[in-house]
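Remarks on the structure that follows.
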Amino acid sequence: MTITEKILAAHSGRKKVSPGELINAKVDLVLANDITAPISISEFRKIGAKDVFNKERIALIPDHFAPQKDIKAAEQCKMLREFSREHDLSLYFEVGRMGIEHALLPEEGLVVPGDVVIGADSHTCTYGALGAFSTGVGSTDVAAAMATGDCWFKVPESMKFIYYGKLNKWVSGKDLILHTIGDIGVDGALYMAMEFAGETIENLPMHGRLTMCNMAIEAGGKSGIIVPDKITRSYVRKRAKRPPVFYKPDKNPKYAEIREYDCSKIPLTVSCPHLPSNTRPAAELFEVAVDQVVIGSCTNGRLEDIREAAMIMKGRKVNPNVRMIVIPATQKIYRQAMKEKLLDIFIEAEAVVSTPTCGPCLGGHMGILAKGEKAIATTNRNFVGRMGHPESEVYLSNPAVAAASAVLGRIGTPEELGL
Amino acid sequence: MLIRGKVWRFGNDIDTDAIIPARYLNTHDPKELAKHVMEDADRDFSGKIKAGDLIVAGKNFGCGSSREHAPIAIKASGIHAVIAKSFARIFYRNAFNIGLAIFESPEASEKIKEADEIEIDADKGVIKNLTTQEEYTANPIPSFMQQLIDAGGLIEWTKQKLIAHGS
């Protein structure tokens, strides 16, 4: 069995599961946000269950349109707050204590290796970086799981992606995943578990792994996963709130497909409008002027991402034609960035620093594009209208490329700034 | 069950941001959502369609966000079914959970044109093109999904399960 099959077997009380099989599995954590939870809550009420399956295993996180951007958003956030009080849920995170869900939960050790996690948010696949099976579902699936503590799954086939060779300067997990999506397409891993492996992954720090698994959905994947190793153990050692289980695959498990990438050939990569698979080397896009730069999101709003952007911005100014918006993904990251004087660097560079929110990534608030405007962002999707007007454009990149582009006023690389 | 209607065509990789842009997700009221259905793929769509119309699209329909608002907006707009070459995973699951009829048929996706009149025999998985007199087959619905449909959706199915377990 693959690691994914082993986790699913253990959670469905079976010795063995095979791809294609339908199983009912116990879930360790269920999550939803201010956009998806309101539907989950009303559907949960229709079930007529006396209570939730476990008060400590349901995370409700207002992060998309929070701090509440308008009256309707405030009403939705209120539903989460009231439901959490009514059921005495321990994992409700109020503004000021919250963060972007997929940055917050691993950071707080609330998802641990070996877990099965479902979330009414497609980027729930992020936690595969810890060696958990986690996948995005709809609000109704979350409603059912809140009542029963389990969820039905079709055991996915696994596709293995092996990365070897040394990463080029400034190339990160984001570039590896964008390159991979560019290679296989936005449905290249449809219904599959994407397993990332190889010597480059073994040396990739946890934030890069979280970025890669986060974007498995952009290739149509059901989940992304990395077999736990030393890096996983040291990441969870101080934070895990529950005992982790480090699953390992059997020898020679069956993969639907194995693909290999020589990382020394992977350049700084940008996804052009309007699909994440529409990738080009960043260096070829020097003619694209940008109006806005966003550093943040569940994909690239972690401390290391903020540090990387700050390294580029130190002593430089945001180009006069550009608005730069930096959004640390959680309160902890925000505070640490403050302690490290990273926020000073951005403010001196004439960028704005925002409180944690998904905000502009999905065209919610805090930096919406007008007709004809272009942005380069460290976010995850560049669909039509994703960050604002249907005739605006989003380019996706890693934090270093986005920051360099903010200085240059066009898409560019750190090398162009002598870095 | 027979579903008969006029077709609106869409291409490949229609994402859930195109089906219902996030700027409208500060509500989950189906009627409000329906006003903006498919807006970023076809600006005037909600004004053009009539109850009972159908959508036929290419591959990977419903990719991107997990928002259940996408199938809800389609259903509330009066569109009775969606046929596609393939569906993105979460959209597929959501459509069954909320009771939007969807059919996977590469053949129908390739051959059906905008404004064709078609008739879907949901039980047999047969799609008839009344405009061209062609007939296509839809991929069979997995048996578990059929159980969900028979129960009246995931919420009803869960209710029955909880009753059976005595809680």
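When A:Val116, A:Val318 are arranged by Cβ crowding within 10 Å, least crowded first, meaning fewest neighbours, the order is A:Val318, A:Val116. If you plug the beta carbon distance of B:Gln133 and A:Ile162 into 1/(1 + (r/R0)^6) with R0 = 41 Å, you get a FRET efficiency near 0.20. Among the GluC sites (Glu not before Pro) in region A:312-380, which ones are in a DSSP loop with at most 15 other Cβ atoms within 10 Å of the Cβ? Mind listing them? Answer in residue order: A:Glu340.
When you filter the trypsin sites (Lys or Arg not before Pro) in region B:48-93 for DSSP loop state and at most 16 other Cβ atoms inside 10 Å of their Cβ, you are left with B:Lys50. Site pair A:Lys248 and B:Asp42 shows an inter-label distance of 5.5 nm when each label is modelled 7 Å from Cα along Cα→Cβ. Which links in A:Lys238/A:Lys339; A:Lys78/B:Lys35; A:Lys26/A:Lys55 stretch past 27 Å when you go from one Cα to the other? Pairs exceeding 27 Å: none.
Bridges between two residues of region A:3-261, per DSSP, are antiparallel at a rate of about 15%. Per residue, chain B reaches -8500 deg cm²/dmol at 222 nm when only DSSP H runs of four or more residues are counted, each adding -39500 (n - 2.57). For chain B, what does the alpha-carbon gyration tensor say about shape, rounded, prolate or oblate, given a ≥ b ≥ c as the root eigenvalues, a/c under 1.5 as rounded, and a/b over b/c as prolate? Oblate is the answer for chain B, as a/c is 1.5 or above yet b/c matches or exceeds a/b. Taking a point 7 angstrom from the Cα of A:Arg233 along the C-beta vector, which residues in region A:194-213 have backbone N less than 12 Å away? Flagged as within label range: none. Residue-wise HN-Hα couplings along region A:170-179, as the Karplus relation 6.51 cos²θ - 1.76 cosθ + 1.60 with θ = phi - 60° gives them from phi, are 6, 6, 9, x, 4, 5, 4, 6, 5, 4 Hz; Gly and Pro carry x. The distance between label points at B:Asp121 and A:Asp70 comes to 4.8 nm (points 7 Å beyond Cα on the Cα→Cβ vector).
What separates the Cα centres of region A:1-48 and region A:72-149 is a distance of 13 Å. If you plug the beta carbon distance of A:Glu391 and B:Lys35 into 1/(1 + (r/R0)^6) with R0 = 25 Å, you get a FRET efficiency near 0.80. Sorting A:Leu104, A:Leu22 from the fewest to the most surrounding beta carbons within 10 angstrom yields A:Leu22, A:Leu104. Hydrophobic long helices, here whole DSSP H runs in chain B with Kyte-Doolittle means of at least 1.0 and Cα atoms spread over 24 Å or more along the helix axis, are not found.
Sequentially through region A:367-372, phi angles give Karplus couplings (6.51, -1.76, 1.60; θ = phi - 60°) of x, 9, 8, 7, 3, x Hz, Gly and Pro residues having no value and appearing as x. Taking the charge dipole of the protein assembly as shown about its Cα centre, with +1 at Lys and Arg Cβ atoms and -1 at Asp and Glu Cβ atoms, the residue from A:Leu104, A:Ala193, A:Pro243 reaching farthest to the positive side is A:Pro243. Note on A:Lys371 and A:Glu287: with the Förster distance fixed at 22 Å, the Cβ-Cβ geometry gives a FRET efficiency of about 0.60.
Distance from the Cα centroid of region B:49-108 to that of region B:121-167 is 14 Å (rounded to whole angstrom).
In plain terms, the C-alpha convex hull of the protein assembly as shown casts an average shadow of 24.6 nm² when viewed from every direction. Return the single residue from A:Val137, A:Val270, A:Val111 with maximal mean-square fluctuation; model: Gaussian network over chain A, springs between Cα atoms under 10 Å. The residue with the greatest mean-square fluctuation here is A:Val137. Put a plus charge on the Cβ of each Lys and Arg, a minus charge on the Cβ of each Asp and Glu, and nothing anywhere else: the dipole of chain A about its Cα centre is then about 1000 debye. Within a straight-line Cα-Cα reach of under 15 Å, A:Lys50 can be paired with the following aspartates and glutamates, leaving aside sequence neighbours fewer than 8 residues apart in one chain: A:Glu86, A:Asp88.
GNM on chain A, alpha-carbon springs under 10 angstrom: the most fluctuating residue among A:Gly114, A:Gly388, A:Gly20 is A:Gly20.
Just so you know, all these numbers are worked out from the coordinates, no wet-lab data involved. Values in this document were obtained by computation on a predicted structure and should not be read as measured data. FYI the Cβ positions are ideal-geometry reconstructions off the backbone, even for glycines, and counts take in every protein chain you see.
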